[in-house]
Each structure stands twice: as structure tokens, then as C-alpha cells.
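Everything on this sheet refers to the single structure shown next.
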């Protein structure tokens, strides 16, 4: 749940840097450090990752982003972005607020470290980790050892179905997430 609101927390923390005269790049550095700090508990142990993470970019079609936000909130998946629009928290917040409103909720985690950690080079990319994954304790994870991944223009439901059927690492978690997503679709 923490990951869903990290962007909003980061924006609040970083606005003080911007208001104090710091540029957005310095604020982005602070935000990255803040995001990393949210991934460990008070004892310095890695917190458990959400089993499903969706990596997106603002270069994707607006409708796709909204669909990912809407579906991800159904089972508390993290939606992750690498950076800022125009290197500006203000511009990013404005666009994100519009998208979240259109998706009727959800949130985004600003986490360039996760893009590197999971070797994300294309978006959208959906990864599924096994429950209790040690992924955060590693600076670099490996697909087919630490997580399953689907990349490309595919719906979240189709990605989860593919991983649940063919995945080696996160098939069980993908199946659970898929069931929740399908159950939510039938409720509406």
C-alpha cells in the first residue's frame, strides 16, 4: 500500500525543496533517496515488494496509462514511473492528478532505482514476484530467477494470464491477482 502513495509523499517532501529555491533535479535526487528509504523497515530490513509491479511511461497512450492505473488498484499492484515530465514535479503532478482522476483512483510510484533493479528497458512492462521475495535486498534482479516479466502493448489482465500459465517464478501470484481483477470486473 505504501508504494501506491509514494509519489504523493515524494511530491509533498520535494515541494519544500522547490519552494526553498532548489531545482527539480535536486528534488528528484531527494525523492529517489526517499523512495529507497521507504523500501526498508526501521531495522534496515527490506520490506516485502508487492507481488505485481507495472512499469509505465508518460510516453504511452493516455488510455493505456488509465487502464493500468484502474486495473492495478484492484489488487494493490505498484505502478512505477522512471522520471518526471519536463524534469518538473509540478508538470508531473498535474498530469498524474488528471490521470488518477480519470482512472477513479490509483497512484504511481516514482522509482528510477526499480527500473534499473529489474532491468526495465521497455514499457509497459509487468513483473510478478513470488510472495516474500528477497528482490529488494539485491541491487540487480534476474528475470526467470527472481521474477516473471511480460513487456509490450498488452493489458494487465492479458499479462497476468500469460504469467499465470507460463510463468516460472510468479505464476501463483499472477493467478491470484488475475482472479481478483476478473472478480472486480464482474462486480461492476
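Where helices (runs of 4 or more DSSP H) fall wholly inside the range 20-122, the ranges with 3 or more residues that are within 24 Å of residue 177 (Cα to Cα) and at pLDDT 95 or above are 62-74.
Test residue 144 against the stated conditions and say whether it is loosely packed, with under 15 Cβ neighbours inside 10 Å, free of Cβ contacts under 8 Å to residues at least 40 places away in the same chain and over 18 Å from residue 64 (Cβ atoms). It is true that residue 144 is loosely packed, with under 15 Cβ neighbours inside 10 Å, free of Cβ contacts under 8 Å to residues at least 40 places away in the same chain and over 18 Å from residue 64 (Cβ atoms). The set of residues from the range 123-150 being out of contact with any helix residue (DSSP H, G or I) (no Cβ under 9 Å at 6 or more places or on another chain) and part of a helix (DSSP H, G or I) comprises just one member, 137.
The values are calculated or read from the model by the stated rules, or taken from the named source; none is laboratory data. What you see is a predicted model; the values in this text were computed from it and never measured. Because the Cβ atoms are built from the backbone with ideal geometry, glycine has one as well, and the counts that use them run over all protein chains shown.
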